[in-house]
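Structure first, then comments.
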Amino acid sequence: MAQAQTVQTQTGPAVRDQQVRQVHHPFQAIGLTKAGRRGRSAVLLDLSFDARAGQVTVLLGPEGSGRTTALRLALGLERGQGTALFHGRPYRRLSRPEREVGVVLGEADRPAGHPGRRARAHLRMMAAAAGVSARRADQLLEQTRLAPAAEHRLRTYSPGMNRRLQLAQALLGDPSTLLLDEPTEGLSPKNVEWFHAFLRAFAAGGGAVLVTLRSPQQAAQLADRVVTLELGRLMADQPVEEFRRTRLRDEVSVRGPQVARLADLLAAAGAAVRHEGGNVISVEGLARTEIGELAFQHGILLHELADRVVEHAPAPGPRPPEPAGASLAKATVALGPGETVTTQVVVPTPPAPGGHVLPARRETRVLHPLLFDEDD
Amino acid sequence: MHALTYERRRLSGVRSSWLVPVVVLGASAVVAVLTVRQGAAAGSPAADPLRVLTAGLPLLPLPIAALGAGVVGALSAGHEFRHPAPLALLRPLRRRLALLLAKLVTVGVFAGLLGVGTLVLDAVVLHLGHHTAAARLEAAVLHGHVPVALGGYLALVVAGGWIGLLGAVLLRSAAAGMLVLIMVPVLVEPVASALLGSGAARGGGDGVLRWHRFFPVDGTHAWLYGALSGLHSGTTVSDAGLAVAVAAPVLMLLLAYLVLLPRRSAL
């Protein structure tokens, strides 16, 4: 900042602007904090991170982790402590905010505007509010693939279309930074894919993208950088490669009538096998082709063989009831070299409602493969 | 930001801006026809041509067109609260001011057109239904003597639109804006008579009686603004007094809003 100030005193406004852009990131959150109500713990505690030009930054966290609060604080829509700077300026100080920052907030299942309006009329109206021509609105309808439905009323729009219209709205001023709050939540896989492609292309064009997400798998697909939030605290801020290495693992899901036999063979071959219930197993440590070959060699019939990416901490879901205490020691031993401090803090997940409570979260991660090794 | 373009596109894109004029024109034509017939049935003194033109109803505190303009104005403001524009497009102070001005201009023009539309339609009704009265009025208009009350009527319609708009902006809801519009004539009269100081003398009674006269459910009550619709107002206020009575609520609401504007985050 001090550097930018000295530059300002010496040079003209255009050069100054250029210098400021070079010094500051498109988005910089500094100590965003929101106190909890009535003595509850803070909704968001001292969150600092930045989003860089040409990158997709994902703010990742489960529901209630404070991602949306962070965005709303950054935009000045909520009161709190800390600040967020867009190219070195708070949002309310931007002279033409729509030219610098495009924002997609709100839910996908609500229309982007008055439900009785037609999409083209609505977007043209917003174009006037943003001070751009109606042609730009039509162009964006094409770009978001809404042109065929441009004359339909907003109440007939699906969640995916709502989201794309909201995106078109945010893009009207041709901003260099995009802020999106769960843009892909509740959307069909095809729409999710389209959104990912669009945001990646936007970043590739030199823009900065900040997206909040809940799903680590989506984050791994979309992000260049992943900022993980948990209960309002910053847990990790890592490049996506590191994120993938520490938070996710590849598994192969195998289904068939004789998987129990296959599980023994796989375990003998050194893979970690986990029963998913019924006749499905998850295998870690062997590639899909190798499993297929092994099954073929032993004449085992398979119905399904598919790659999957799962979190290190399996989501609390249906688990076989196990006496958890027995395998604690083994579980700790089995923590591989890949387990770093970062992953350890990232892991906590709320215990499954109704399910039995495991003694510690850390063990749940590796409990099952080991147990099933013994079982089969 | 092109606030006027925005407001024009907003107004033309919602159904209410087409429905309201249709309803208003239809209702005022019906009232005009009924007024003409009532005059004809009574035989004696024909209905005041002015009352036919403005479709004045003794029951309503304001002309139908003013109420319609108020609905459009209130919806115009209510839209920004029910379907807010995506974030800060409209958040900086100067933009909110520009938007308010654009809304005032658009609603004003809309209300003016609505008023002229009702006048024209009712003039046709009058021409068809009551030749002699129409002929006299037409001759006067041809000679350039347009009744002042017609100008007052148009001003009242425009003011109705603005009161609806400003009321809705102040209270952040279209329904509240309509309530303000309906409350204004009720509140203006006691204030006006208190200010003029002559109300008591003319009323000839004490305060309680006067209050009773202002009770809006009373069907025979003569509204202050009625003078602008050819209804016989109980109070004989001068033209200047009427102009003040029309402009004062608008100005007061505008001032109240301008005081609040910098303290608000949305419109």
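Throughout, read-outs are computed from the coordinates displayed, never taken from laboratory work. It should be emphasised that the depicted structure is a prediction, and the values quoted were computed from it without experimental measurement. Cβ: placed from backbone, ideal geometry, glycine included. Neighbour counts: every protein chain shown.
Where in segment B:52-81 does the label zone of B:A29 land, with the point 7 angstrom along Cα→C-beta and an amide N cut-off under 16 Å?
Output list for this probe position: B:53-55, B:65.
Just to confirm the filter: which GluC sites (Glu not before Pro) across segment A:90-149 are DSSP coil and have at most 16 other Cβ within 10 angstrom of their Cβ?
Values: sites: A:E98, A:E100, A:E107, A:E142; in loops: A:E107.
Sites meeting the loop and neighbour criteria: A:E107.
If R₀ is 25 angstrom, what is the calculated FRET efficiency for the pair A:A201 and A:V309, using the beta carbon separation as r and rounding to 0.05?
Details: r = 23 Å, r/R0 = 0.91.
Working from the Cβ atoms, E equals 0.65.
What nm value, rounded to one decimal, do you get for the distance between A:R288 and A:L248 when each label is placed 7 Å out toward the C-beta?
Result: 1.5 nm between the two label points.
Using a simple spin-label model with points 7 Å from Cα along the Cα→Cβ vector, what separation in nm is obtained for A:E107 and A:K190?
Between A:E107 and A:K190, the simple spin-label model gives 2.5 nm.
For B:H131 paired with A:H298, estimate the spin-label separation in nm (one decimal), with each label point 7 Å from Cα along the Cα-to-Cβ line.
11.0 nm
Tell me whether segment A:40-195 comes out rounded, prolate or oblate; compute the Cα gyration tensor, take square roots of the eigenvalues as a ≥ b ≥ c, and use a/c under 1.5 as the rounded threshold. Before the final figure, lay out the partial values.
On the way: a/c = 2.00, a/b = 1.47, b/c = 1.36.
Judged from the Cα gyration tensor, segment A:40-195 comes out prolate (a/c at least 1.5, a/b above b/c).
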